[in-house]
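Chemist: Structure in structure tokens, see below.
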Amino acid sequence: MLTPEEKNFVVYWEQNRASKKKVLRQIYVGLPLAMVLVVAIFANLLSGWYGRAQMVFFRENASLIIVLLLASLLIVVFVVIFSARHRWEQNEQRYLELLNRDQES
């Protein structure tokens with residue numbers, strides 16, 4: 001027997017599971033987390049806490065900026081896709097478990 005909260009989740013997930021799997025929707029979900037991560041990485045890099053890294057950064061500025069921008073873009077894409085898919089998979093697993101439990105009782 002399912003609790004009212006679990007029944008509400010089953011109804012909600014039946015209605016919204018297809019829309020939550022769309023790529024554009026996943027981008028909206030994971031983008032804030034990814035941007036916070038990239039901003040923290042750049043703040044750490046630009047704070048100058050490690051002198052050698054600062055020297056390398058200023059000496060090889062042009063090529064390093066391109067590499068850092070590419071790396072930050074890849075970090076954002078990975079975190080966005082991974083976090084959204086992971087959340088969707090968790091909800092899908094919970095939904096299937098609740099359906100199984102409901103059918104058994």
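Here, each number is a calculation from the coordinates, and none is a lab measurement. Since we're looking at a predicted model, the values are computed, not measured. Every residue, glycine among them, receives a Cβ derived from its backbone with ideal geometry; neighbour counts consider all protein chains shown.
Chemist: Want the number for ALA43 to ALA62: 0.36 nm per residue separation, take away the alpha-carbon distance, what's left? All intermediate terms of the calculation are to be shown ahead of the outcome.
Modeler: On the way: separation 19, 0.36 × 19 = 6.84 nm, distance 1.85 nm.
Between ALA43 and ALA62, full extension yields an extra 5.0 nm.
Chemist: Ok, one more. Mind giving me the FRET efficiency for LEU96 and VAL36? R0 is 22 Å, r the Cβ-Cβ distance, nearest 0.05 is fine.
Modeler: On the way: r = 32 Å, r/R0 = 1.43.
Computed FRET efficiency for LEU96 and VAL36: 0.10.
Chemist: How much length, in nm to one decimal, is gained on full extension between HIS86 and LEU74, taken as 0.36 nm per residue of separation minus their Cα-Cα distance? Write down the numbers at each step before the final one.
Modeler: Values: separation 12, 0.36 × 12 = 4.32 nm, distance 1.77 nm.
Computed gain between HIS86 and LEU74 is 2.5 nm.
Chemist: If you don't mind, there's one more thing I want to ask. Just the ratio, please: alpha-carbon radius of gyration of the chain over 2.2 N^0.38 Å, N its number of residues. Mind dumping the intermediate values first?
Modeler: Working: Rg = 21.2 Å, N = 105, 2.2 N^0.38 = 12.9 Å.
After normalising by residue count via 2.2 N^0.38 Å, the value is 1.64.
Chemist: Ok, one more. Could you rank the peptides 74-84, 5-15 by their average count of other C-beta atoms within 10 Å per residue, with the highest value first? Don't skip to the answer; put the middle values down first.
Modeler: On the way: 74-84: 16.1, 5-15: 12.6.
Averaged packing, sorted descending, gives the order 74-84, 5-15.
Chemist: Just flag the GluC sites (Glu not before Pro) in segment 38-97 sitting in loop per DSSP whose Cβ has no more than 16 other Cβ atoms within 10 Å. Show your work: numbers first, answer last.
Modeler: On the way: sites: GLU60, GLU89, GLU92, GLU97; in loops: GLU60.
Counting only loop positions with at most 16 other Cβ atoms within 10 Å, the GluC sites (Glu not before Pro) in segment 38-97 are GLU60.
Chemist: Related question: Helix by helix, which DSSP H runs in the chain go 18 Å or more along their axis at the Cα atoms and have an average Kyte-Doolittle hydropathy of 1.6 or more? Don't skip to the end; give the middle numbers.
Modeler: Working: long enough: 4-20 (23 Å, -1.46); 23-46 (32 Å, 2.00); 61-104 (63 Å, 0.45).
Going by DSSP H runs, the hits are 23-46.
Chemist: Based on DSSP H runs of at least 4 residues, each adding -39500 (n - 2.57), what is the mean residue ellipticity at 222 nm of the chain after dividing by all its residues, to the nearest 500 deg cm²/dmol?
Modeler: On the way: 4 runs with 94 residues, N = 105.
Counting only the DSSP helices, I get -31500 deg cm²/dmol.
Chemist: Can you list the aspartates and glutamates whose alpha carbon is less than 12 Å from that of LYS20, not counting same-chain residues fewer than 8 positions off?
Modeler: GLU89, GLU92
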